[in-house]
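The values are calculated or read from the model by the stated rules, or taken from the named source; none is laboratory data. Because the structure is a prediction, the values reported are computed rather than measured. As a convention, Cβ positions derive from the backbone with ideal geometry for all residues, glycine included, and neighbour counts pool all protein chains shown. Accessible surface areas use protein heavy atoms only, side chains included; no ligands, DNA or RNA. Shrake-Rupley method; radii C 1.70, N 1.55, O 1.52, S 1.80 Å.
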Amino acid sequence: MFRKACRQELTILRRAFNKWGVFDFFVEKTILIKEEYHKDTEVYLLSSGLELIILSRQPNYAGLKVGELKKNFLPSMEGADLIARVSKNFPHIIVNEIAERLILYGRSVLGQSIVGGTENLNENEIILLLNRNREPIGVGRTKFSGKYLFQIDIVTVTTLIDAGHYLRNEGQ
Amino acid sequence: MKTLVFPSTPESVGLARLYRYDEWIVNRFMQYVPDVYTFLESLERDPPRYIRTNTLKIDSKKLKSKLLSKGFKLKETALEDVIAVEKALYSIGATTEYLLGYYYIQDLSSCFAVEALDIGKDQTVLDMASAPGGKTTFIAQKMENTGCLIAIEPNPKRVRSILYNIARCGVINTCVFTMDGRQVSNLNLKFDRVLLDAPCSGEGVIAKDNDRRTNHKPEDVEYCALIQRELIEAAIKVVKPGGLLVYSTCSFAPEENENIVNYLLDKFDIQIEPFQYGNDGLVNFGDFHFRQDLKNTKRFYPHLHKTLGFYIAKIRVNN
Ligand SMILES: C[S@@+](CC[C@H](N)C(=O)[O-])C[C@H]1O[C@@H](n2cnc3c(N)ncnc32)[C@H](O)[C@@H]1O
């Protein structure tokens, strides 16, 4: 069921959009919430021309899922794509080519494959995983903070979702 | 209506044996395909591969330069956003650029169908048989992600593929209904543009699948033509006055193409508009004599247009 976001959800979303540097982008945009029994609450971005039809006819699927709302907002791969395009300042790491291929197979990130990114990341922080062209290939969670992210032969960032996941799950 | 089958001749028997088709299929091709020998020969080769730039995410120039640096050999086509891939070092469906939604793998003929729709921003558009979403995502990009695009598909498994492609391509102006296109009037909506890329017997891609050369039956064509008639009638009823319906199939069979559009012309106040690509539609086929306007519909042949077999009719609903 698609519906408008309630005040509490809007507060979480505004805070999250601010953190990801996409607050201004979303100001004029149409956002709807999709709620289904036993599923996480999902956040959808859509063209303004679509809103009325969605609310009145409740299609099975609509717009672009930009993330999920739990206690916080977790960007989806499509949300990550948007953030990387629009935002000038968002938490991220940049990985080398080998790690890029591995991430696209769903694997997590070893310290030695990180070649750059936001300084002073915290432990347990949600970040975007970018390749050397600064293209978003995944969303991850840091397992360490700051310089400890670069530890050799240790998974320092867990991949939560990656751009290859649909292809791997196709037909399932 | 019965699928036309013609009396065999030594030539049709010989060609059918040479190219491993059932005779009735080749015999029908001989009735209407120009230069049928070159045609049958061209079906033996792998069809050209095309990708369509997803301009919602990248422009064609940037995409080309990325792919060229990865060792791809590319060639331009008649359509600005569509690129022929002459050589690729890896599978074109597994590059990072593909996963990031920079392009869609799609035959040039399919792109012509969307081109025929004359899509503009902020329109209300219906894609009536939409999985896996190749044309849906192209329409969305032509709408620049504005307005409202409704995609319909009755097969839930195939709906998954639309959702994947919509997500990958960053489409925000589309909603998907899992429903039968014949019930589209239940949505109570009228559209500026409707695409009916109809389920068909798939003759246009028959050579890809060796088994189909001998298990394709006249009844397949009859069965599809029946559904196509019902779908096109449902489609025309939801087009706004002055709006456009594009009917397309990947079949060569006149029963699924000209005959369907001819039926519509007899029943509704519509016009067939010219379209600049492809060969003219048929006005005669065996005992069939179609209206002269059917020439404005277009046929695409592998040996002439370097595409899969395809048919497009651009139909304007009169005010
Ligand atoms: C030729 S394919 C469409 C390809 C698609 N337009 C694209 O470009 O990716 C035809 C589709 O029609 C669907 N279909 C079959 N019966 C249908 C019906 N009654 N109403 C709507 N769609 C139908 C099939 O499941 C199939 O996905």
### Query
Assuming B:Gly204 fulfils every condition listed in (1) touching a strand residue (DSSP E or B) at 6+ places or on another chain (Cβ under 9 Å); (2) modelled with pLDDT under 95; (3) under 30 Å from A:His165 (Cβ atoms) apart from one, which condition is it?
(3)
### Test: residue in the stretch B:176-187 that is more than 10 Å from the ligand (Cβ to nearest atom), open to solvent by less than 10 Å² (accessible area, probe 1.4 Å), out of contact with any Ser or Thr (no Cβ under 6 Å at 6 or more places or on another chain) and within 29 Å of A:Thr30 (Cβ to Cβ)
yes
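Does the stretch A:31-48 contain any residue that is part of a helix (DSSP H, G or I) and either within 25 Å of A:Arg141 (Cβ to Cβ) or of a type in the set (Lys, Arg) (or both)? It would help to see each step written out before you state the result.
Step one: filter the stretch A:31-48 for residues part of a helix (DSSP H, G or I), giving A:48.
Those left that are additionally either within 25 Å of A:Arg141 (Cβ to Cβ) or of a type in the set (Lys, Arg) (or both): none.
No, the stretch A:31-48 contains no residue that is part of a helix (DSSP H, G or I) and either within 25 Å of A:Arg141 (Cβ to Cβ) or of a type in the set (Lys, Arg) (or both).
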### Query
Residues B:Leu40, B:Leu56, B:Leu67: which one is open to solvent by less than 10 Å² (accessible area, probe 1.4 Å), modelled with pLDDT of 95 or more, more than 16 Å from the ligand (Cβ to nearest atom) and within 14 Å of chain A (Cβ to nearest Cβ)?
B:Leu67
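Give the residues of the stretch B:123-136 that are over 14 Å from B:Thr174 (Cβ atoms) and more than 11 Å from the ligand (Cβ to nearest atom), sorted by residue number. Break it down stepwise before answering.
At the first step, the residues of the stretch B:123-136 found to be over 14 Å from B:Thr174 (Cβ atoms) are B:129.
Of everything in the stretch B:123-136, nothing turns out to be over 14 Å from B:Thr174 (Cβ atoms) and more than 11 Å from the ligand (Cβ to nearest atom).
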### Task
Report, ordered by the first and then the second residue, all pairs with beta carbons closer than 8 Å, sequence separation of six or more or different chains, a first member in the stretch B:231-245 that is within 14 Å of chain A (Cβ to nearest Cβ), and a second member that is more than 14 Å from the ligand (Cβ to nearest atom).
B:Val238/B:Leu189; B:Val238/B:Lys190; B:Val238/B:Phe191
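Yes/no matrix, rows are residues, columns are (1) more than 14 Å from chain A (Cβ to nearest Cβ); (2) open to solvent by 30 Å² or more (accessible area, probe 1.4 Å); (3) out of contact with any Asp or Glu (no Cβ under 8 Å at 6 or more places or on another chain):
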position: B:Val125; (1), (2), (3): no, no, no
position: B:Asn155; (1), (2), (3): no, yes, yes
position: B:Val159; (1), (2), (3): no, no, no
position: B:Asp220; (1), (2), (3): yes, yes, yes
position: B:Arg229; (1), (2), (3): yes, yes, yes
### Task
Could you tell me which residue of the stretch A:65-78 is farthest from the other protein chains (Cβ to nearest Cβ), considering only residues that are outside any strand (DSSP E or B) and in contact (Cβ under 8 Å) with a residue 60 or more places away in the chain?
A:Asn72
## Note on the structure
Going through (1) within 12 Å of another protein chain (Cβ to nearest Cβ); (2) in a helix (DSSP H, G or I) one by one, B:Asp192 fails only at (2)
### Query
Any idea which residue in the stretch A:28-69 is farthest from A:Leu128 (Cα to Cα), counting only those that are in contact with a helix residue (DSSP H, G or I) (Cβ under 9 Å, 6 or more places away or on another chain) and open to solvent by 70 Å² or more (accessible area, probe 1.4 Å)?
A:Arg57
### Message
Of all residues being within 14 Å of another protein chain (Cβ to nearest Cβ), hydrophobic (A, V, I, L, M, F, W, C) and within 16 Å of the ligand (Cβ to nearest atom) in the stretch B:100-122, which is surrounded by the fewest Cβ atoms within 10 Å (Cβ to Cβ)? Just the residue, please.
### Response
B:Ile105
### Query
Mind checking which residues of the stretch A:13-40 are modelled with pLDDT under 95, within 27 Å of A:Asn122 (Cβ to Cβ) and in contact with a strand residue (DSSP E or B) (Cβ under 7 Å, 6 or more places away or on another chain)?
A:Asp40
### Message
Would you confirm, using the coordinates I've provided, whether B:Glu97 is open to solvent by 30 Å² or more (accessible area, probe 1.4 Å), without any contact (Cβ under 8 Å) to a residue 60 or more places away in the chain and more than 13 Å from the ligand (Cβ to nearest atom)?
### Response
no
